Each structure stands twice: as C-alpha cells, then as structure tokens.
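The values are calculated or read from the model by the stated rules, or taken from the named source; none is laboratory data. Remember, it's a predicted structure, so these values are computed and weren't measured experimentally. Here the Cβ is made from the backbone with ideal geometry for all residues, glycine too, and neighbour counts use every protein chain on show.
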C-alpha cells in the first residue's frame, strides 16, 4: 500500500483522512504515554551509563598508561644517569691508575728530599767553636797589677797571644758561616723540587675533586629520579620530547644521505646484477643497492654497539671485552670493505655516464634531426677526473658517515617510547572527555524526547488535566499546567 | 659478488617473485617505404635515435619496413633484446644504429603498402619477446594499398598493445577533402581498438616524450 493510498483510506478528501490519521496517532501516543516515556528514559539511561562506563574504562587505561609511561621515563633516566656515573667513575679510575699509580715512588722521592733538606739544615745549624778555655785564666792574670816591667811584658805577650787567638777564632767563625751558607744554598733546588712535586700532586687532586663534584651532581639527579618527584618527571618528559625532535631531524638528514648514497651506486649496480631484472616492482639493481646501504647501516650499528657508544642490543654490551673488541674489528672491516666497493661502484658510475654520453652524442650526430645535435660529449676533458674522484671519495665516506646514524637512532627509539606514550595519553584523555560529553548529551536528548512526546499529545493531556480538575475541585488550580505530569 | 647480491635480493623478495620479462618493454617500428614516403628518412632516423636513447637494458627493439607484403621475417631490418649490462646494451645500440644507417642508404621504394601484414608481423614478434609493455609504432601515412590477391581480412592480435601512428602525412586528396584523412585515421583507430589495442596519433615529432607511455 502506497502512502497516497494510506492517506485516502478513511476518506477521498486527503485533509479529512489526514485528520483521522492524526487523531488516531495522537490517541495511540496518549495511550502509550507511560511505557513510551519509560522506554525513552531507559534508552537515554543505557546510553548515558554505557558511555560513562566507556569513559571510565578509558580513564583507567589512561591512568595505567601514564603510570607505565612514568615508570619507563624514570627507568630510562635512571639508566642514563647510571651510565653517566659509571663513566665518571671510569674516568676517576683512569686518573687514579695513570697519575696516582706513581704515588709511592713520589712519596719516596719526597722523603729523600726532605731527609736531604733535614741533614743540610742540621749541618747548617752547627754552633761555631767557642773561644779557648784558658781565656778565663788570662782574666785572672790580667787582674795582677802591672808595676813590675816583667809582669807588664808578660801581660803584653798575653794580650798579643789573645789578639792572635781572637783573630784566628773570628776567621774560623767566618769560614764556618760561609760553609753553612753554602749548605743552605744547596738546599734551594731541593726546596724547588719539593714545591713542584707538591704542585703536581695538588693539580691531580684538583682534577679528582672536579670529577667528585660531577659525580655528586649526577648522584643528586639520580636521587631526584629515584624519588620520582613530579617536577623531575616533567623535566624528563620535556627533555625526551626535545631529544625526539632533534634525533628525528638528524635521522631525516641521514635519510637524505642514504638517498644520495643510493643514487650513487644504483646505476653501476645494474652493471653487476643486470638492469633488466626485477624483484616485485623494483629493479634488482635498486634492491641490491638498498641491501648494500642497509648492510652498511647494520654494520655501523654493530660497530657503535661494540664500542659501547650505543646500547640498542644489550647482548652485545654484555659480551666480554675480548669478544666485543673482536666484534668491533669485524664490523669495522666489513665497513671498510663495503666502503671500498662503494668507491669502486662510484667510479664505475662515472664510466657508465661517460659511455652513455658518448652514445647520445653518436646518436645525435648519426642522421636524424640535426637541430637536436649538441656538443655535450665534448666537455673539458682536463677536469673530467674531478667529479670521478669526488664520487669515489663520496662513495668511501658515506658508509662511515651512515655509521653514526646509530646514535640519533638510539635517542629516537628511546624518546619515541615516551613521546608516543604522552601522545596516546592525550588521545585517551580527549576520548574520555568526548564520551562523557556524549553521555550528558544522551541524557539531555532523552529528556528532550520525552518533552517532545508530550508536546505531540498536548491536546489529550489538556483534556485529562481538565477532567481531573473537574473531579477534584480546587486541585486543578493548585496544580496548574504541570498537573498532568 | 654479483651472484651473492642477486641471491640475497631474491631471498629477501622471494614472496614477490624475481622476474625480468614482464617488466621489460618491446617496441616494433614499422617504416613505410612506399612511394614518396622514402623522403621522410630523416624523420624516421630521428625516431630511431630517440628510441635507442630511451630504451633500457632488457628492453627489445625491432625496425621493419612496410612494403608490398609486409608479413614476412625478411622485412625486419634489425631486431635486438638489449643485454642486462648497460655497457653491453650501449654496444648493441651502436651496432643497431649502424645497421639502420646501412639500410637507409640503400633504400628502395616499394610498389604497394601492406600495413596490416606489418602489424601482424609486429604483434607476433612482440608476443615472442614476452614483454609486459608492448608498442607498435607505425611511421606511415596509413594509406594501405595491397597488391592484387593479398587477403588481409583478419582480426589483428593486438590485445594489450599500444599502436602509435607517427607522422601521418596529409596526402594531396586529403588537402582537398580533409574528411578523407579523418576517415582514414578513424578507420585505423577502429581496427586497432576492435583488436584490443590502444591507438594514438603523433604528428609532431618534437613531442616524442610521451611516445612509450601507456
């Protein structure tokens, strides 16, 4: 039955038929008012509760993720600081082994110098010889009155002897003093040597002191991380984002380097593996060039890993030093060989380009449109070797340059974990908010639908209110328009 | 080293397959040698030079003439599948160019023009190459004149082949009534498209860049 037939089922006049339908519909809606209201309210409630539940679950997931992210961030930061501290201790150990290993010898030297100085000092402090002991006897003789010329003569002789003796003693004293000065002068280089050695010890101690200061700073950071303070986490998050951006930028630069490297070896590679074969939709030569570049990057990673510059593979880091060193040499040898191959390929590229140029030149000159013939092949041969050498150098250097990709790659991988976590937390938070808003909207929509339902059946509702008002006089006035609800 | 690299690459991409034939291109150039068209040798040379410069290692190329009975191996002037190594391919191109120079220096005008015979020969050769990208270039005014008794009422096997008519010269009667020219071109388009091929006309030979596209 079509809608027009339905419209005319009660009467041939559409307006009348529509009115009948309207009355029937309104009556049906009025009769089904209570269950319809309950249905709408229940649907709204289900929607609201479901959405709230989903929002709650997402919030819980977000909290868990945030906790996990925090743990990862703190763990990584702790690991990084541990590495710094370890490195500082290694440096201290190196300083101690290098400089303070000779400390016993230095101590011995200092002891010898001090002993020498002490002996010299003692020699220098010896008391000069006293005047002869008979001078006191002379004093007694000198008190005798010199009236007798004999006595006077004797006294004169005594005085002469005394003068002579005094001069001799003075001379002796001067000689001793000179000797002592000589000894003191000899002590000077010992003092200087002692001073120099003490200065060296002091500088070494100062270096160690600086290292100790750095270790203290690292330890302070480490304690902050261990305590898991919010401020520390915020600082670490910001640092992680910065690292992510910088490492990403460096990786983009490295990608461009890789592309240049690829174009340098892809053409000559076709001479080796053939230019007409394909793997999937890619030329075999292109795949081979890519494989070589990938192998170079892998070897670079292993090399950096073996030198413990990066720590992407804990297995390599955990190897004993001998094996690790062997691995580093192996990776380095592979890199050198691959760099040599690339260099040769770069040279071959130049040869191929020259051959292609010669062919184009020949084709241009062999009949056909002479207007398109150019002297491209006749370039300046004197400088032709410059691009060839340049390409060879580039081919040799690029594999080693790509080796350093390992460092930004490690930073990128580590910081990506945190950054991705932060982004996911943000997305989950936004999603939870959207769901909560949707829950509120669901409740509001249910309420609005109930109101709309009542608007459609306002006439029977008004009649009902009037009827109730007539049955209970006085109540209709108090209830007003809300009475029917 | 070469074997090692191929083996390594093939191992990595074994799921996708390692092939050479279906990715290659094959081009068959039919050169009209009838009547006054022999004067267009320079243009034909320009097209051949362009193709030799454009085709890559692994591609196939053949040049054949359109004469009174073109459905013949003898009408193929030179054909080659370029080696995988670029240097060898370049040597082959030089040899090919020499063969062309030799051919054009001893060119004789044919009495009739058997285009459909040439197309059939081209289609067969292209099919034999196994190339995925097949092109037939017809350097002709597209005016077919068959010798008495020759039957060419067959459907051309041109499915998946691109046919490009090059330098379709306007003949004197075409200048009087251009509808003749248009009708002639439309007739060939219909023949080729009915046979499952794709038909194009390029009269401006300075725009050969899109010659092997599509």
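The table below gives the values:
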quantity	calculated
Any chance residue A:327 is in a helix (DSSP H, G or I), buried (at least 21 other Cβ atoms within 10 Å of the Cβ), in contact with a helix residue (DSSP H, G or I) (Cβ under 9 Å, 6 or more places away or on another chain) and more than 14 Å from chain B (Cβ to nearest Cβ)	no
Single condition residue B:83 does not satisfy, out of (1) in a loop (DSSP other than H, G, I, E, B); (2) touching a residue at least 40 places away in the same chain (Cβ under 8 Å); (3) within 14 Å of chain A (Cβ to nearest Cβ)	(2)
Residue within the stretch A:306-317 that is on the phi > 0 side of the Ramachandran plot and in contact with a helix residue (DSSP H, G or I) (Cβ under 7 Å, 6 or more places away or on another chain) present	yes
Test result for residue B:65, in contact with a helix residue (DSSP H, G or I) (Cβ under 6 Å, 6 or more places away or on another chain) and closer than 25 Å to residue B:181 by Cα	yes
Residue match in the stretch A:278-297 (condition: touching a helix residue (DSSP H, G or I) at 6+ places or on another chain (Cβ under 8 Å), more than 30 Å from residue B:24 (Cβ to Cβ) and crowded, with 23+ Cβ neighbours inside 10 Å)	yes
Scope the stretch B:44-77; condition more than 14 Å from chain A (Cβ to nearest Cβ) and touching a strand residue (DSSP E or B) at 6+ places or on another chain (Cβ under 6 Å); matching residues	B:62, B:64, B:65, B:66, B:67, B:68, B:75, B:76, B:77
Top-ranked residue in the stretch A:266-298 [being farther than 22 Å from residue B:88 by Cα and assigned to a loop (DSSP other than H, G, I, E, B); ranked as nearest to the other protein chains (Cβ to nearest Cβ)]	A:280
Residue check for residue A:277: free of Cβ contacts under 8 Å to residues at least 40 places away in the same chain and under 30 Å from residue A:347 (Cβ atoms)	yes
Criterion (assigned to a helix (DSSP H, G or I), away from every other protein chain (no Cβ under 14 Å), farther than 30 Å from residue B:86 by Cβ and free of Cβ contacts under 8 Å to residues at least 12 places away in the same chain) met by exactly one of A:301, A:245, A:241, A:251	A:245
Test result for residue A:199, assigned to a helix (DSSP H, G or I) and within 52 Å of the chain's Cα centre (by Cα)	yes
Tally, over the stretch A:90-104, of residues that are modelled with pLDDT of 80 or more and over 38 Å from the mean Cα position of the chain (by Cα)	0
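Let's see how each residue does on (1) part of a helix (DSSP H, G or I); (2) closer than 30 Å to residue A:461 by Cβ:
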position: A:12; (1), (2): no, no
position: A:18; (1), (2): yes, yes
position: A:50; (1), (2): yes, no
position: A:60; (1), (2): yes, no
position: A:74; (1), (2): yes, no
position: A:95; (1), (2): yes, no
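Listed here are the residues, each with its yes/no results for (1) crowded, with 17+ Cβ neighbours inside 10 Å; (2) on the phi > 0 side of the Ramachandran plot; (3) assigned to a helix (DSSP H, G or I).
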| residue | (1), (2), (3) |
| --- | --- |
| B:48 | yes, no, yes |
| B:56 | no, no, no |
| B:62 | yes, no, no |
| B:77 | yes, no, no |
| B:90 | yes, no, yes |
| B:95 | no, no, yes |
| B:100 | yes, no, yes |
| B:104 | yes, no, yes |
| B:122 | yes, no, yes |
